[in-house]
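To start, the structure under review is shown below, and the notes come after it.
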Amino acid sequence: MKSSLTGKILLCPQCGESFPKTINICPKDGTILIPPPPENDPFVGKLIDQKYKILERLGGGGMGVVYKAEHVLMGRVVVLKVLHRHLAEMGNEGEFLKRFQREARTASQIEHPNAVTLYDFGIFENQPYIVMQFIRGETLKALLAREGRLSPERAVRVIRQVGEAISEAHR
């Protein structure tokens, strides 16, 4: 049963509070507000491949849905990204899936303090997923919403960190 508030509120992914759609930024912590997830997300609460318990939905986009999960055998909080099923079925003989697997294998080799670590790759219920390091803290998007434009010095520091991670990925 759908809530009567669906479509009328936005949520703060940082503090979890809900606000009317007339507010775009959380007044408590400056985080950009997002629409609430579907009420019955099919993955929340599931155990993926007997290892990853889906705790909550963090977001989604054109490529897939991102969840906070726990590796139940290790007690480690991770990020699990499930690709949309239609993407895995694209192309000739699963070409997209093969390319995704190849990219996941390559990304798992990157070890750099400015890049998240990719831990695992799998397919659950015909949907490919990747498991990555969970980073606690504020996103760049939230930082910009809270502080506005960065000083040139700070912007250069951020860009340098991103560039170093990209450089490592292309070695």
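Read-outs throughout are calculated quantities, based only on the coordinates presented, and are distinct from any laboratory measurement. In this text, all values refer to a predicted model and were calculated from it rather than measured experimentally. Every residue, glycine as well, gets a Cβ built from its backbone with ideal geometry; the counts of neighbours run over all protein chains shown.
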(message) Output needed: percent of Cα pairs per 5 Å distance bin for the stretch 47-171, bins running from 0 to the one holding the longest distance.
(response) 2, 10, 16, 18, 19, 16, 11, 5, 2, 0
(request) At 0.36 nm per residue, minus the direct Cα-Cα distance, what do Glu56 and Lys68 gain on full extension? Give it in nm, one decimal, please. (result) 3.8 nm
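Let me spell out the model: positive unit charges on the Cβ of Lys and Arg, negative unit charges on the Cβ of Asp and Glu, origin at the Cα centre of the chain. What dipole size does that give, in debye rounded to 20? Don't skip to the end; give the middle numbers.
Values: 24 positive and 19 negative charges, 63 e Å.
Dipole of the chain, to the nearest 20 debye: 300 debye.
May I ask which of Lys28/Lys53; Lys8/Lys141; Lys21/Lys68; Lys98/Lys141; Lys8/Lys81; Lys51/Lys81 have a Cα-Cα span longer than 20 Å here?
On the way: Lys28/Lys53 30 Å; Lys8/Lys141 23 Å; Lys21/Lys68 25 Å; Lys98/Lys141 31 Å; Lys8/Lys81 27 Å; Lys51/Lys81 14 Å.
With Cα atoms farther than 20 Å apart: Lys28/Lys53; Lys8/Lys141; Lys21/Lys68; Lys98/Lys141; Lys8/Lys81.
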(message) What does the extension gain come out to for Ile123 and Glu138, with contour length at 0.36 nm per residue minus their alpha carbon separation?
(response) 2.4 nm
